[in-house]
Structures are given as structure tokens and as C-alpha cells.
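Taken together, the values in this text are just the output of simple stated rules run on the coordinates, not laboratory data. Keep in mind that what you see is a predicted model, and the values were worked out from it rather than measured. Using ideal geometry, Cβ is built from the backbone for each residue, glycine included, and neighbour counts are taken over all protein chains shown.
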Amino acid sequence: MRSFEISYWLRTSATRQGYATEAVRLLVDVAYDQLQARRIALTCDQHNIASRRVAEHAGFVLEGTLRSSVLGSDGRPADSLVLSLVPGDRERGPPRAATAAKPSGQDCVGAGPIGGCLPIVACPPR
Ligand SMILES: CC(C)(COP(=O)(O)OP(=O)(O)OC[C@H]1O[C@@H](n2cnc3c(N)ncnc32)[C@H](O)[C@@H]1OP(=O)(O)O)[C@@H](O)C(=O)NCCC(=O)NCCS
């Protein structure tokens, strides 16, 4: 089955302008419309409100808590959250309240491993 994992981060000067939400929505479109995804998931620190909001604005649904799955900033085991998006979620559509991005031409959106998150990974069909 085609299953994907994503993560995201922005330059600090580019945060809170809707860029991450817009980028994740675009990634979802590519994964489903061009790569025939059946599931997209992400993991985030339980205290990372911004990351969770980005995912939920893009239609991801909280799936569960991975207890003591990462080391927190204090070096002690901490919980992380798993959110996922499956076709039924997408058909229902994400909440559309997030702000639209205002491209400036000088900020960047990235994807890859950070803070216990996983890089974009495309797993081949089994
Ligand atoms: C997480 C991150 C990608 C969010 O990017 P962003 O472009 O600021 O996100 P958006 O502008 O699309 O905002 C999405 C939501 O997060 C909220 N948000 C953004 N930064 C926030 C913050 N510091 N504290 C609380 N909420 C925040 C926004 O208000 C918005 O929610 P709302 O529409 O309900 O108000 C960015 O903060 C970042 O790169 N953080 C460091 C790396 C990281 O934590 N990556 C995720 C690892 S799982």
C-alpha cells in the first residue's frame, strides 16, 4: 500500500503567515493525485501546537499518542502524537480557516527530519 510520512519546518522569519499550512496542503494534493497515496502520516511533539495546527488545518486527524517515544528538550522521555490523513478525511475536506500564504520570494519551506519528526518518505507498494 502506498503510505507516506511528512514533516515540515520554516525559517523563523517566515512563520505564522500560513506557509506551512499551504505547503502541506500541496503535498497532500501531490501525494493523492499524482502518487496514489492511501495514507499520509506525521509525528509531532505533543507540545508542538503549531505543528499540530498545521496538520489539522490540512485535514489530518489525531490518531494516537506514542508514549515515551522521543527525548524531550530536558533529555527525558516524552510523548509524541501521530496524525494521519486517509481518503475519507480528504473527501470530508479540511477546515479552511487557516490564513493564506503571502509569498515574499525570500522565505523557504522545507521538509525533512527534525525534532523527532520523520522525513518525507515514499514507501513502494507491496
Ligand atoms: C511548525 C511550523 C512549520 C508552522 O509553520 P507556520 O507557517 O508558522 O504555520 P502556519 O502559519 O501555517 O500556522 C498554522 C497554525 O499554527 C499556529 N502557530 C504558528 N506558530 C505558532 C506558535 N509559535 N505558537 C502557537 N501557534 C502557532 C498558527 O496560529 C496557525 O493556527 P491558527 O490558524 O489556528 O491560528 C513552524 O513553526 C516551524 O518550522 N517550527 C519549527 C520546526 C517544527 O517544529 N516542525 C514541526 C516538527 S513535527
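For the peptides 69-77, 3-11, 47-55, the ranking by mean Cβ contacts within 10 Å, running from highest to lowest, is 3-11, 47-55, 69-77. Distance between the modelled labels on ARG53 and VAL30, one decimal in nanometres: 2.5 nm (7 Å Cα→Cβ projection). Length available on full extension from GLU91 to GLN46: 0.36 nm per residue minus the Cα-Cα distance, which gives 13.5 nm. Taking each residue as 0.36 nm, the span from LEU66 to THR12 lengthens on full extension beyond its C-alpha to C-alpha distance by 16.7 nm.
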